[in-house]
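Notes follow once the structure below has been shown.
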Amino acid sequence: MWTIIEQIFPYAIIFTIPLLITALGGLFSERSGIVNIGLEGLMVIGAFSGALTIYYLQGVWSNHTMVLWAGLIMAALAGLLFSVLHAFASINLSANQIISGTAINLIATALTVFLARNITGSGNIRITSGFSPSDIPVLSSIPIIGDLFFTKTYPTTWFILLVLIISAFVLYKTKFGLRLRSCGEYPQAAEAAGVNVRRIRYSGVLISGAFSGLGGALIIVTYAGEFTGTVSGLGFLALASLIFGQWRPLGILAATFFFGFASTIANVSQVIPELAVFPPILLKTFPYIVTLIALVVFSKSSQAPKAAGETFDSGKR
Amino acid sequence: MSYVVEMLNIRKEFPGIVANDNISLSLRKGEIHALLGENGAGKSTLMGVLFGMYQPEKGVIKVDGKEVRITNPNVANRLGIGMVHQHFKLVDNFTVTENIILGSEPVKGMVLDIDSAAKKIAELSKHYGLNVDPHAKIEDISVGMQQRVEIMKMLYREAEVLIFDEPTAVLTPVEIKELMKIMKNLIKEGKSIIIITHKLKEIKAVADRCTVIRRGKSIGTVNVAEASEASLAEMMVGRHVSFKVDKKESTPSDVVLKIDGVSVKNNRKVLGVKDVSLEVKKGEILGIAGVDGNGQSELVEAITGLRKVEAGRIFLNGEEITNLPIKSRIQKGLGHIPEDRQKRGLVLDYTMESNMVLEVYNKQPFSKYGLLNMPAIRKYAKNILQNFDVRSGEGAASIARTLSGGNQQKAIIGRELELDPDLLIAVQPTRGLDVGSIEYIHRRLIEHRDKGKAVLLVSLELDEVLQLSDRIAIVNNGELVGEVKASETNENEVGLMMAGVGKERNV
Amino acid sequence: MRNTIVSIIAIILGLIAGGILMLVIGSNPIEGYSYLFQGSLKNIERIGNTLATATPLVFTGLSVAFAFRTGLFNIGASGQMLIGGLLATAIGLTYDLSRPVLLLVMVLAGLIGGALWAFIPGLLKARFNVHEVVSTIMMNWIAYWTVYYVVPGYFKGDFLETESRKLPDSATLRTPFLSDMFDGSYINLGLFLAVIATIIIAFIINKTTLGYELKAVGFNRFAAEYAGMRVNRNIILSMLISGGLAGIGGVALYTGNASSIQIGILPTQGYDGIAVALLGANTPIGVFFAAILFGILYSGTGFMNAMTEIPPELANTIIAIIIYFAATSILIERFLRKFWKPASKEQDVVVPNVKKGESKDVDNH
Amino acid sequence: ACGSTGEQVTGDGEGKKADLRVGMVTDAGTIDDKSFNQGTWEGIKKAEDELGVTTKYLKPAGTTEAEYLKEIGNLYDADYKFIVAPGFKFETAIFQAQDRYEDAKFVILDGNPHSGDFKPVVKDNTVAVFFAEHESGFLAGVAAALEMKEGEAGFIGGMEIPAVQKFNWGFQQGLKYANENLDTNVSIKAENVIYQGSFDNTAAGGQIAAQMYDRGVKVIFTAAGGVGVGAINEAKTRAKGGEEVWIVGVDVDQYQDGIYEGDKSVILTSAMKKLDQVAFDMIQQELDGKFPGGETLTFDAKNDGIGLPEENPNLSDDTVSKVKEVYEKIKSDEIKVSGEQGDLLK
Ligand SMILES: Nc1ncnc2c1ncn2[C@@H]1O[C@H](COP(=O)(O)OP(=O)(O)OP(=O)(O)O)[C@@H](O)[C@H]1O
Ligand SMILES: Nc1ncnc2c1ncn2[C@@H]1O[C@H](COP(=O)(O)OP(=O)(O)OP(=O)(O)O)[C@@H](O)[C@H]1O
Ligand SMILES: [Mg+2]
Ligand SMILES: [Mg+2]
């Protein structure tokens, strides 16, 4: 059993990372008071732009790794730009955030395939190859931990974990973080204190756009290798992880890792005789059922930002 | 004369209503200036304009003689204008320090410098006698302390002009006294203050001048020293107002509510009400006096069914209701004017007419076989709103949210009285109401008593309790410390008991 | 009324934006739209297919809208459809009842299946305050895998692992009289169910004490509790109704538009239901027409593609843009207000609750 | 048959303008799926280039009979009266369409029109086409065994549909044949034969492939669309890291998809079924007035409808020549490959 876990672990982590960064983006948005159910669409945008960038650059630029990073940057930028639509609707126009997010999802999936076909002639954009995993010297030889965490790791994984740490720092230790959280809890208070609620909320939404874009592209450069017009529900799963993780960075890390691990187990269960004793339906539904149970267990302490989802206009008290 | 703030000919419209119509107000340096007006007169709106929350359609604002455009609260802050809002603008799960520094945070490098801020706050607190704990979380501190945090916010930003919107409505008598003291301190330090309040006594006590507005228009500005409470009231409502509550001696008969050794847990999961026994009889008003947070809310929630009773029993008209669902209690004759009108009292997104049948929508004639009868509902609602002089942009069809707080309150009271309950529980029934409305509400409560019904009055305003009640029960720390006859006691005695000094039960 | 105008303007703007996209890729928008509408409405058969396409969307739209109105966000309509469809299919494949009885039982089974699938999130929300967005997403995937294993396990045909046996004609919602009337199209009894459901839901929301209660709970559960309403029961009830609607939507899809249930697919109609509800401003009648519009757009795309060089993704893009315009309808409203300013200005001056004479008695400063 | 007709055409095909309008309706998945839909479409596009026909594909909103029929109707109404439908899921739709649109021609790939009872009814305006995927899988199995000599092989299928199953069974028979006759020792374990359950779960494809490789599998035959893409990615990653792992592609020559580090590829070979060729040939025959309406055709080794790619850079010459021999033997019925499960795995 242990070897199985050792073998699965790196793959669970790869699967976790896009979820993690997207949920983290959602965290910034919701903590600023804007619910973003457009995460799925933003991921699609990121996957598309990342794939497209890499697809073009791979021909002209010989430094393979740099090309991939360039793809990630473009993906984040595209996600950021696209999220302006959501920000504009829900912040400037006090639109219903759910509607706006739904529109984002619809537009993203339709538009990317439309563009892909018009630009590359195909709805699928395939990149030659993504990042390569490697073992971290020294650390990977530590017993147990080395095998789990430092073997077959991707540079992007460490990068996203760094982003996570920075995010937690920003959220809890900086001026911006304080303001962001106040806007999600009680924007009227923030406004009265002279905080520009709109600007903060814009930042929150744009960060979520950039992060989700990144998340979408990470799928391409690690395990998928091609853009196919969908991220198959990962955006919604990220949203679920955000809530499951109780709107906290570490909570999100735990929640997304749980999803990553559980779905990897479910995916590979077919190949593993030891797991084949369980009915497959149980294995496949395992992550979802456990999430429901966990939500019940943690239900007592909901940390939802109080004002998330409410439109804010200065007049209302 | 030098004015720190001049608001000239301000006009502000909302859909269907002109909230401020050509109103002017000038604030002298170092004065306390009261702003008086009926509910919905436009006071909060006017201050909202000064604080940059609303943009006026017309008019000029000058600060220190210079014309300014206050486009948002930030601008106001920069101009040295601070405001304590009626509903506090504090983030519940932030600490006092975090709330105070929000918007003008000190940083060390990139990191928030919480420690030095906390130190500065502690100093300020000492200087002005505010007594706030910089590290406490807002959700854990009393309302009075929250208000002091609001004041601290302004001081921290070195505001010169301080606006208070109904600061005393939520305070205990002791806290009010403290606040008055603080305000005087502030004036001494050269600050200038605008205070909105419906309590004429307070105006007389602290204000130098008073501007009166009525239905969006300026009535005039007077020197408080030259005015009496009666003349201020008359200016405000346009007719004579009587402050004395006329009432006959009560003639209590059968017991309506009997509380027998009841204990209730509070939000912090400890006993907030400890072994309380009480009786309220037909034809009497029992007032509960006590400092806020001494178990009144928990007790009321236990009677109304909003909170579980840990021990003891509750009877209504001789029938035990301890564990009955809320609906059956209402059916058995319980009416409730809730403490928090926006949280419990109204569905803010419903129209007023829908709100007026909140407890009876499923009864005839408002519905039959599960179908609503809108004409009947409309008629019923119109009647209540008219009787209680509830003012709003579009009458019964107004969305509850758009009504001023005072008018929301009147509507709730009207609704509950219309149910004609055997027992009416009135919690802070006149909080935030103007004197005209208070007079009216008081009259209606006494009428209710005189019809032979029972009233349980919970109020933080000692005046109100003393004036309205026939008997007064005093609570402290969740326990009943004593019971007195209203006619045989005075403010002092009750005040002492509220502070926990017990007295033999008489009655 | 205002909502209707706003929705219509949103639709027009969305179509205009789509037209611009067509221009950009070098196609003629007038031609494109003409084929789009011909594709969905040109002849009686196509009209029938358009209505059939719209039918499940009416149900999921109602499902989402109903939940919305009661303060809940049901994004689990897909899963509820699957389970509703699965139960109905199971009944249809298993029992040999007379047709009216069989159909009735199938519809009921669908309703119960959907309701059951929504019951869990409802219960979790009411009892444990679990966010229904997460729980309904989880339930979607559980439904997906349930169908994935149950269909091949119990209802598999002789040759195919990936879908159930085909329902006998007598066990589908298609009826000869409708099919003939609409020239062999897929229109089916589901449409009647959809009309009935729309009316019933409109009725419940607007005219009944139940609707009054559910909305009150949705707006302010504390006030509802204060007034003696059973908040938890209402949340669950709301989810049950919402899920039941989606469940019947599944019946319409799998036993009306199709004759078997396929595995490995989460029906997109569940998510489209969100858009339909929103465009319909969460009112049942609005939802009905929004669903028809979506039916027209989805159904006409193919013909437009066939007749022009406009790619199929364009219809989706247009729908998305319409939704976005509906979301940003405040812009439209502002515009309308400006447009009608002269009329409304007069109104503002006459303040209803200021009695004449009183307003100008004292003047000072 | 089709090999020969193909040759006939090439001479006079250039620049010819035919007024045939050819339509295609895609199956589940997109036109760019790098296998099934795309293969068919490429054949149609080739006909456009070489034979001058007009072409169009439509993508249905879903995969129900109603949706398929709607798109067929759209093509028909737009005057595309030669309609190609790839996939068994079209069976019932084509069954109805062939009656409803009598003046149109239909080609259904991988399926037989029937009314839901699996009793084939191929009308005069329809051709049903099957491929001997098992023979293709067999050749791939032989090639893989020859190249590996010894070790473990695996199979990842998408959904459990007939075409995928036949690839699988053929592959297993191929391995067995090589072990018995060609002196190899490549085995396949029950746990390494799986159907992932979808054609689009790339993540699962990668993870499953990783498990198999970790458990000593050297070569995996994927017949799984996007799931296969995930597996190919995993293989590339490992190959870059110096591991020796291989993938056998499916449907079309997937060599390009497996390229890493310049010109190396993890695609050992591909078990092709020549969808493009068949689509092209059908159009060609229609133009020549020889449309085999009413027939059910099977494309197999005999008519070169299946096979391995011409170019197989990863196969040694020895392997290529031995596979060629086997291919001939299949053609001559000396080797019989079964399209049934029998006692094979899954
Ligand atoms: N944002 C708003 N939209 C519409 N109407 C409003 C708005 N704010 C205030 N009003 C209306 O403007 C009028 C003045 O309200 P305002 O809150 O200024 O009254 P007030 O004098 O503070 O009353 P109170 O004594 O009850 O606090 C009221 O009729 C109120 O309904
Ligand atoms: N969404 C809204 N739409 C219209 N008006 C609103 C809205 N929210 C608040 N208001 C108005 O804002 C004003 C201020 O609200 P608030 O509850 O402080 O009233 P208030 O009259 O000052 O309260 P109180 O009676 O307790 O003194 C009210 O006049 C209310 O009508
Ligand atoms: Mg006010
Ligand atoms: Mg007020």
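The values are calculated or read from the model by the stated rules, or taken from the named source; none is laboratory data. All values derive from a computational prediction rather than experimental measurement. Heads up, the Cβs are rebuilt from the backbone with ideal geometry, glycines too, and the neighbour counts pull from every protein chain shown. Just so you know, the surface numbers come from the protein's heavy atoms only, side chains and all, with ligands and any DNA or RNA stripped out. Shrake-Rupley method; radii C 1.70, N 1.55, O 1.52, S 1.80 Å.
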Table column - 3J(HN,Hα) (Hz), region A:124-129, Karplus curve with 6.51, -1.76, 1.60, x for Gly and Pro:
9, 10, 10, 9, 5, 7
Over both sides of the A-D contact, add up the buried accessible area with a 1.4 Å probe and give it to the nearest 100 Å².
2600
Give me the net charge of residue A:108's neighbourhood, meaning all other residues with Cβ under 13 Å from the Cβ of residue A:108; Lys, Arg count +1, Asp, Glu -1.
-2
Within chain C, which whole H helices from DSSP have a Cα span along their axis of at least 27 Å and a mean Kyte-Doolittle hydropathy of -0.5 or more, if any?
C:2-24, C:44-69, C:99-128, C:132-154, C:231-252, C:284-307
So what is the diffusion coefficient of chain B in µm² per second by Stokes-Einstein at 10 °C and 1.306 mPa s, using a Kirkwood Rh over Cα pairs?
66
Which trypsin sites (Lys or Arg not before Pro) in region D:64-141 sit in a loop by DSSP (not H, G, I, E or B) and have at most 12 other Cβ atoms within 10 Å of their own Cβ?
none
Not counting the cut sites, what is the longest span of chain C without chymotrypsin sites (Phe, Trp or Tyr not before Pro) that DSSP labels loop and that have at most 15 other Cβ atoms within 10 Å?
C:160-339
Roughly how many Å is it from the Cα centre of region A:259-273 to that of region B:11-54, as a whole number?
65
How well do other chains shield peptide C:209-217, expressed as the mean number of their Cβ atoms within 10 Å of each residue Cβ?
5
Per residue, what accessible area does region B:3-237 have, given a 1.4 Å probe and all protein chains present, in Å²?
37
Among DSSP bridges having both ends in the protein assembly as shown, what percentage is antiparallel? Round to the nearest 5.
45
Note down the relative contact order for region C:51-308 as a percent, whole number, built from C-alpha pairs under 8 angstrom at least six residues apart.
42
For region A:2-298, which whole percent of the accessible surface, found with a 1.4 angstrom probe, sits on carbon and sulfur atoms?
74
Violations at 29 Å Cα threshold for listed pairs B:126/B:265; D:70/D:123; D:273/D:329; B:108/B:184; B:308/C:215 -> B:126/B:265; B:108/B:184
What percentage of all Cα-Cα pairs in region C:150-235 are separated by more than 19 Å?
65
How many Å² of accessible surface get buried when A and B come together, counting both sides, probe radius 1.4 Å, rounded to the nearest 100?
2300
Compute the signed sum of charges (Lys and Arg +1, Asp and Glu -1) over the other residues within less than 9 Å, Cβ to Cβ, of residue B:396.
0
Expected sort for A:276-287, C:44-55 on mean C-beta neighbours within 10 Å, highest first, is C:44-55, A:276-287
Checked against the positive end of the charge dipole of the protein assembly as shown (+1 on Cβ of Lys and Arg, -1 on Cβ of Asp and Glu, about the Cα centre), the farthest of B:9, A:290, D:313 is B:9
For residue B:311, what residues show an amide H to amide H distance below 5 Å, using hydrogens built from the backbone and excluding near sequence neighbours?
B:263
Can you give the FRET efficiency for residue B:110 and residue A:296, using 1/(1 + (r/R0)^6), R0 = 30 Å, r = Cβ-Cβ distance, to the nearest 0.05?
0.15
Gaussian network model of chain C, springs between alpha carbon atoms under 10 Å - residue of C:245, C:87, C:237 with greatest fluctuation:
C:237
So what is log10(I(q)/I(0)) for region A:72-192 at q = 0.10, 0.14, 0.17, 0.23 1/Å, when the Debye sum runs over its Cα atoms only?
-0.59, -0.97, -1.09, -1.28
Could you give the nm distance between label points at residue A:144 and residue D:263, where each point is 7 Å from its Cα heading toward the beta carbon?
5.0
What number does region B:71-174 give for Rg over Rh if you use C-alpha atoms and the Kirkwood radius?
0.95
Lys/Arg Cβ at +1, Asp/Glu Cβ at -1, dipole of region B:36-115 taken about the Cα centre: which of B:109, B:93, B:46 is farthest positive-ward?
B:46
Quick check for you: with a 1.4 Å probe and neighbouring chains kept, what is the accessible area per residue of region A:2-298, in Å²?
31
Under the Kirkwood approximation for Rh and a Cα-based Rg, what ratio Rg/Rh is obtained for chain D?
0.98
GNM on chain C, C-alpha springs below 10 Å: top fluctuator among C:171, C:227, C:115?
C:227
In whole angstrom, note down how far apart the Cα centers of region B:248-265 and region C:139-170 are.
66
I'd like the distance separating the alpha-carbon centroids of region B:208-238 and region D:18-33, in whole Å.
83
Give the peptides D:181-193, B:15-27 in descending order of average Cβ contacts within 10 Å, highest first.
B:15-27, D:181-193
20 Å reach of a label modelled at residue A:172, 7 Å along Cα-to-Cβ, counting backbone N of region B:96-134
B:96-102, B:106-118
Please compute, for peptide A:81-92, the average count of beta-carbon atoms on other protein chains lying within 10 Å of each residue's beta-carbon.
2
Total formal charge among the other residues, if their Cβ is under 11 angstrom from that of residue A:55, Lys/Arg +1 and Asp/Glu -1
0
So for the protein assembly as shown, considering every pair of alpha-carbon atoms, how many percent are separated by more than 58 Å?
30
List the chymotrypsin sites (Phe, Trp or Tyr not before Pro) within region D:81-127 that DSSP assigns to loop and that have no more than 16 neighbouring Cβ atoms inside 10 Å.
D:118
Show the residues, 5+ positions off or on another chain, whose built amide H is closer than 5 Å to the amide H of residue D:58.
D:24, D:25, D:26
What's the carbon and sulfur percent of region C:51-308's accessible surface, probe 1.4 angstrom, rounded to a whole number?
68
Do any chymotrypsin sites (Phe, Trp or Tyr not before Pro) in region D:163-267 lie in a loop, going by DSSP, with at most 10 other beta-carbon atoms within 10 Å of their beta carbon, and if so which?
none
Nonlocal amide H pairs with residue B:40, under 5 Å, H built at 1.01 Å
B:406
Pseudo-spin-label distance residue B:371 to residue C:203, built 7 Å along Cα→Cβ, given in nm, is 0.8
Would you mind getting me the FRET efficiency between residue B:491 and residue B:311? Use the beta-carbon distance for r and R0 = 51 Å, nearest 0.05.
0.95
Once the dipole of region B:3-237 is set up with Lys and Arg at +1 and Asp and Glu at -1 on Cβ about the Cα centre, which of B:152, B:26, B:121 lies farthest towards its positive end?
B:26
With Cα atoms, 0 to 90° folded angle of helix D:162-181 axis to chain D main axis
40
Could you pull the Rg and Dmax for chain C, using just the Cα atoms, both in Å?
23.4, 93
What Rg and what Dmax come out for region A:2-298 when only alpha-carbon atoms are used, in angstroms?
19.4, 62
Counting only heavy atoms of protein chains, what accessible area per residue, in Å², does region C:51-308 have with a probe of 1.4 Å?
30
